[in-house]
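Enquirer: Sharing a structure below in structure tokens format, with a few things to ask.
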Amino acid sequence: MKIYTRTGDSGTTALIGGKRVPKYDMRIEAYGTVDELISWTGLIRDQDIDENLIEFLISVQDRLMTCASILAVDCDDCDISIPELREEDVNSLELAIDKMEEETEPLSSFILPGGHPVVSFCHIARNVCRRAERNVLRLSSDVSTDSVVIKYLNRLSDFFFVLSRKLGKDFKIVEIPWSPKL
């Protein structure tokens, strides 16, 4: 099978189920942003971090692939098996967040992203995740959308924020609080 099909040369792409839509369709924007997040997660995973975190990030990438698949389906009765996202996936993120928060100091103000490349990558992933969530919410106003996908993305952005703080601590990065100039 070749990577190129030439079927998208006219500016359309096929959803799971066969329906063709413009490449700027809100559904494509939603799962395309999730796909971008999968790549940013891979970049974080490729850094010199704890092996357990790497394994967890691989599971996050798997769950994000599931999210993208769910968002790409456009058929009620097509005979296609799509993996499911479950509440336990959201719970897994919450447990990881809680564990990492035990290792970090409580926040008393906003902090400026940065200090180490992996910390910055986490903040970028957090922002891309928030954009994915907004895109899925926008899509859900027109198309029936799995509510667990929205919950997962919401919790995942929190996970990336706490991960940035945990990795900052691991790399002995001093967090810079934001002090608004009033």
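Condition check ((1) at pLDDT below 85; (2) touching a Ser or Thr at 6+ places or on another chain (Cβ under 8 Å); (3) within 23 Å of Leu153 (Cβ to Cβ)) across all residues:
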residue: Thr5; (1), (2), (3): yes, no, no
residue: Thr12; (1), (2), (3): yes, no, no
residue: Val21; (1), (2), (3): yes, yes, yes
residue: Gln61; (1), (2), (3): no, yes, yes
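Enquirer: Within region 128-153, work out how many residues are under 21 Å from Asp98 (Cα atoms), surrounded by fewer than 21 Cβ atoms within 10 Å (Cβ to Cβ) and over 9 Å from the mean Cα position of the chain (by Cα).
Expert: Of the residues in that region, 3 qualify.
Enquirer: Residue under question is Ser144, and the condition is that it be at pLDDT below 95 and either within 20 Å of Trp40 (Cβ to Cβ) or of a type outside the set (Phe, Trp, Tyr) (or both); does it hold?
Expert: Taking the combined requirement at face value, the residue satisfies it.
Enquirer: Count, please, the residues in region 83-106 that happen to be free of Cβ contacts under 8 Å to residues at least 40 places away in the same chain and either touching a helix residue (DSSP H, G or I) at 6+ places or on another chain (Cβ under 6 Å) or aliphatic (A, V, I, L, M) (or both).
Expert: So the count comes out to 2.
Enquirer: Would you confirm whether any residue within region 29-36 is surrounded by 12 or more Cβ atoms within 10 Å (Cβ to Cβ), modelled with pLDDT of 90 or more and aliphatic (A, V, I, L, M)?
Expert: Yes.
Okay, residues lined up against (1) farther than 30 Å from Val174 by Cβ; (2) in contact (Cβ under 8 Å) with a residue 60 or more places away in the chain; (3) in contact with a Cys (Cβ under 9 Å, 6 or more places away or on another chain):
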site	(1), (2), (3)
Pro113	no, no, yes
Arg126	no, no, no
Cys129	no, yes, no
Val136	yes, yes, yes
Lys151	yes, yes, no
Asn154	no, no, yes
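Enquirer: Which condition does Ile80 not pass, out of (1) in contact with a Gly (Cβ under 9 Å, 6 or more places away or on another chain); (2) within 18 Å of Phe56 (Cβ to Cβ), if it passes all the others?
Expert: Failing condition for Ile80: (2).
Enquirer: Is it fair to say Glu101 is among the acidic types (Asp, Glu), more than 18 Å from the chain's Cα centre (by Cα), modelled with pLDDT of 95 or more and surrounded by 11 or more Cβ atoms within 10 Å (Cβ to Cβ)?
Expert: Against the criterion (among the acidic types (Asp, Glu), more than 18 Å from the chain's Cα centre (by Cα), modelled with pLDDT of 95 or more and surrounded by 11 or more Cβ atoms within 10 Å (Cβ to Cβ)), Glu101 qualifies.
Enquirer: Of (1) over 16 Å from the mean Cα position of the chain (by Cα); (2) modelled with pLDDT under 95, Ile70 satisfies all except one. Which?
Expert: Condition (1) is where Ile70 drops out.
Enquirer: If you don't mind, another one. I'd like the full set of residues that are outside any loop (DSSP other than H, G, I, E, B), within 24 Å of Gly17 (Cα to Cα) and without any contact (Cβ under 8 Å) to a residue 12 or more places away in the chain, limited to region 29-82.
Expert: Answer for region 29-82, where residues must be outside any loop (DSSP other than H, G, I, E, B), within 24 Å of Gly17 (Cα to Cα) and without any contact (Cβ under 8 Å) to a residue 12 or more places away in the chain: Gly32, Asp62.
The values are calculated or read from the model by the stated rules, or taken from the named source; none is laboratory data. This is a predicted model, so every value here is computed, not measured. Cβ: placed from backbone, ideal geometry, glycine included. Neighbour counts: every protein chain shown.
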